[in-house]
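Trainee: Would you mind keeping the following structure in view while I ask a few things?
The values are calculated or read from the model by the stated rules, or taken from the named source; none is laboratory data. Everything numeric in this text was worked out from a predicted model, so none of it was measured. Here the Cβ positions follow ideal geometry from the backbone for every residue, glycine too, while neighbour counts run over all protein chains shown.
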Amino acid sequence: MTRILVVDDDPEITKLLEKFLANEGYEVSVASNGAAALSAASASEPDLVILDIVLGSEDGREVLRELRLISDVPTIFLTGRGLESERIAGLKLGADDYMVKPFSLGEMSARIESILRRSGANTSQHLIEAPNIVYGTLQINENTHEVRLGGELLDLTSKEFALLNFMAATPRQVYSRSQLLEHVWASSSEWQNEATVTEHIRRLRSKIEQDPDKPMWIKTVRGVGYRFEPQLKS
């Protein structure tokens, strides 16, 4: 998995980037000062570093100078000031890019991908590892057939995965048991019992719901069937 080191003394920024980049499929580590950053860079050998220029009383540019003594890892500078002279100075020090706070997470993602492509990092592996569907702490990855909830890998059967993946792809859409048989089992109620769907819903709830008797993710719509209800809060 592609590794990114975030170096910033603002806990809100590090928390935001850590959560966002993890959801993008990256392995993320954080540091709040120069010493911790250099130690992490040496130990984990990240594929990219996001480095704030102002680290409390420390100067991130000095941290980059020291980092360059041990690694040529691609680096993106973060700053609250966007003066052209400062951007040029940062790039001359060896930074690969420069982003001004507040920044767009979408732009950050695009710049990271661009830098990793230029540096030859394993972006194809990142694309494989990145989840296809994310709702809060629930991550579904079609490439690896894995589901994580709160960071923990769930033990789902192939049919349970297929059922969850299908319903989560169209949140709040209500499906009858016969429709789920058709789409997930490629079957019909004429030769396969709809109780099959009921049982798989029960098993799936036992694995993803905090309280299977009061499900939050997979709701029963009386007289119709089931729907996936996205929980966006972490």
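For every residue, the table says whether it meets (1) farther than 14 Å from ILE76 by Cα; (2) within 15 Å of the chain's Cα centre (by Cα); (3) crowded, with 17+ Cβ neighbours inside 10 Å.
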| residue | (1), (2), (3) |
| --- | --- |
| MET1 | yes, yes, no |
| LEU5 | no, yes, yes |
| LEU17 | no, yes, yes |
| GLY34 | yes, no, yes |
| SER39 | yes, no, no |
| SER42 | yes, no, no |
| PRO46 | no, no, yes |
| VAL49 | no, no, yes |
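Trainee: So ILE133 fits all but one of (1) at pLDDT below 85; (2) within 17 Å of GLY25 (Cβ to Cβ); (3) of a type outside the set (Lys, Arg); what number is the exception?
Mentor: Going through the list (1) at pLDDT below 85; (2) within 17 Å of GLY25 (Cβ to Cβ); (3) of a type outside the set (Lys, Arg), ILE133 breaks only (1).
Trainee: I've got another one for you. Quick one: which residue in VAL184, VAL221 is out of contact with any Cys (no Cβ under 7 Å at 6 or more places or on another chain) and surrounded by fewer than 17 Cβ atoms within 10 Å (Cβ to Cβ)?
Mentor: Working: VAL184 fails: surrounded by fewer than 17 Cβ atoms within 10 Å (Cβ to Cβ).
Unique residue meeting the criteria: VAL221.
Trainee: Next question, about the same structure. Is there any pair linking a residue in the stretch 2-18 that is closer than 18 Å to GLY34 by Cα and among the hydroxyl-bearing types (Ser, Thr, Tyr) to one that is at pLDDT 90 or above and not in a loop (DSSP other than H, G, I, E, B), with Cβ under 9 Å and at least six apart or on different chains, and which?
Mentor: THR14/VAL6; THR14/VAL7; THR14/VAL30; THR14/ALA31
Trainee: I've got another one for you. Under the condition of being modelled with pLDDT under 95 and among the β-branched types (Val, Ile, Thr), which residue from the stretch 167-196 is farthest from PRO215 (Cα to Cα)?
Mentor: Here the answer is VAL184.
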